[in-house]
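Notes to accompany the following structure.
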């Protein structure tokens, strides 16, 4: 797999980035403290002792850190100090933010009020925590306040959730007419007139049949309905995002993939490993992978604005009962996370962030914590070991040691979080089953470097949905099937995301038996050959020999408008240069004189289809961009092109990119 390394320093930097994203984190100081033992008489310890343990025997390499006197004292001494570090609750802070929210709401600054109210909710202690502020009702009061703010912003759905949560948190509902008045407002905003009327009657009854108050409430409901209707005209509701159907149905052997795909190769194959190929002919625009993430983690900066579980962009964040470091979109997502992976990560989040570890380290830990038990975690490790490459045999001893040290730190966090149950000792030395889990972590810290995918969304800032779209990376996920796709600089699929699931659509025809090529971020349209080769060697440890590289295709602005045409003679796979004058030529392969008139006419037809597809994409947002029609047209044109010509061809590659943008628009996308 690994080729001759032309730039060892760049390779080292790329590899280090996948372990530590923040050099100022304390993990770097931890490593430097331990590394001081590699001087003097022990300067060859990494080479003569650590590196002598066979590559891939991760349990044995990890165990050296605890047993070998050269390093164990510094390692154990540091690990003994691991303790909970997380952002806790603060009733006084919550109360202050709640008061600010009410003040801003009174001033007509609803969006600023919503931000303050959400901070109040996030920092409010759980109902069973008694405080001097609000007498243990801080969370209930914060939710009650935010519900009022949400009603003012015409968001009845989220306001209703807050009201229901406020009641569960201890807000006095019984005999409280105002509670039912707010419920009526929520139902009115949600368009549920019958339920709104029931709430109105309860309000009337609990208010002592106050007809004046009843009249005011009905007027308020009517005003809200009018405002909601006007708002819908200005901001049309976003269409519900749906998962596409897999071409031909789902493959029972490889979950999340089409029956039109099959697996080839072996993990031991030094050139390609295991990879997906077409089991039958594939056409442009077909969904071939729709796969949920085996695990996914948000980048730290998005932990307060996106759901920690499903990656939904948050309007009214819901907090973990114990920490304020993560947020969820619904009580359901919160409960699933807090009863699963988050119960082991909760109190150590800020410690891990402070270590400077990369998101891939968090992803490795997440695979363990969501397994739920040591036994299941070991099963997960076995499963990934059989499918993902880690290139342990090519890894530099120092890099390998740093990953082992990170694995020891993460294992210590799991010990302290009682992932292994209540331990009989506080010592950091692992028990046999803990050591096995530590070995799994170390292996994942290597394999995720080459197999994880960055999850992105499309931000739309202008009136035109396509032209104003910008990609924003919000997290990282690992996908068993999608990780089986090898790289080409001219990909055969476009990658998009819906929630944490990965969606792969074909962007060009792929014949039966051919490799399904993805792109690892080095596309020939945007990166010249030397840059692509350097990055792929240093980041993924292979030399790319795809057609775009071997033929050195030009960047987008220098691509030819006239492609090579396929020989029209049946059975010949020759390609003929586009004729300068007459539409006749001699095929270099079959040696026949052929007419290219039909091919040239079909090429013009193909380009006309591209133009029509582009027009559909250019229609303004308010008139519906008809993305499905654009996808169908672009797919038809691309299919036609590959029947008569071979790339590179600028209009066709523009069409392939346009197809990718259309699919991205149907995935994670929102208007700012």
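The values are calculated or read from the model by the stated rules, or taken from the named source; none is laboratory data. Note that the coordinates shown come from a computational prediction; the quantities given were computed from them, not determined experimentally. Note: ideal-geometry Cβ built from the backbone for every residue, glycine included; neighbour counts use all protein chains shown.
Numbers below:
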| item | result |
| --- | --- |
| Filter result for residue 647 (without any contact (Cβ under 8 Å) to a residue 40 or more places away in the chain and either more than 30 Å from residue 311 (Cα to Cα) or surrounded by fewer than 20 Cβ atoms within 10 Å (Cβ to Cβ) (or both)) | no |
| Qualifying residue in the range 423-434 (condition: within 16 Å of the chain's Cα centre (by Cα) and outside any loop (DSSP other than H, G, I, E, B)) | no |
| Tally of residues being more than 14 Å from residue 663 (Cα to Cα) and at pLDDT 95 or above across the range 450-479 | 13 |
| Residue in the range 19-33 that is in contact with a helix residue (DSSP H, G or I) (Cβ under 7 Å, 6 or more places away or on another chain), in contact (Cβ under 8 Å) with a residue 24 or more places away in the chain, assigned to a helix (DSSP H, G or I) and loosely packed, with under 13 Cβ neighbours inside 10 Å present | no |
| Odd one out for residue 611, checked against (1) surrounded by fewer than 18 Cβ atoms within 10 Å (Cβ to Cβ); (2) outside any helix (DSSP H, G or I) | (2) |
| Residue 86, sole failed condition from (1) assigned to a helix (DSSP H, G or I); (2) under 31 Å from the mean Cα position of the chain (by Cα); (3) surrounded by 18 or more Cβ atoms within 10 Å (Cβ to Cβ) | (1) |
| Test: residue in the range 581-597 that is touching a residue at least 40 places away in the same chain (Cβ under 8 Å) and touching a strand residue (DSSP E or B) at 6+ places or on another chain (Cβ under 7 Å) | no |
| Residue check for residue 241: under 30 Å from residue 258 (Cβ atoms) and either surrounded by 13 or more Cβ atoms within 10 Å (Cβ to Cβ) or at pLDDT below 95 (or both) | yes |
| Selection count where residues are part of a loop (DSSP other than H, G, I, E, B) and more than 19 Å from the chain's Cα centre (by Cα), scope the range 318-329 | 5 |
| Flag if residue 359 is out of contact with any strand residue (DSSP E or B) (no Cβ under 7 Å at 6 or more places or on another chain), at negative phi and modelled with pLDDT of 95 or more | no |
| Count of residues meeting criterion [assigned to a helix (DSSP H, G or I) and without any contact (Cβ under 8 Å) to a residue 12 or more places away in the chain] in the range 61-83 | 4 |
| Test: residue in the range 259-282 that is under 29 Å from residue 389 (Cα atoms), modelled with pLDDT under 95, in contact with a helix residue (DSSP H, G or I) (Cβ under 6 Å, 6 or more places away or on another chain) and part of a strand (DSSP E or B) | yes |
| Residue selected from the range 286-317 under the condition in contact (Cβ under 8 Å) with a residue 40 or more places away in the chain and assigned to a helix (DSSP H, G or I), by the criterion farthest from residue 363 (Cα to Cα) | 302 |
| Filtered residues of the range 330-365 (kept if crowded, with 21+ Cβ neighbours inside 10 Å, in a loop (DSSP other than H, G, I, E, B) and free of Cβ contacts under 8 Å to residues at least 60 places away in the same chain) | 341 |
| Candidate set: the range 112-138, residues that are at pLDDT below 95 and part of a helix (DSSP H, G or I); chosen: the one surrounded by the fewest Cβ atoms within 10 Å (Cβ to Cβ) | 135 |
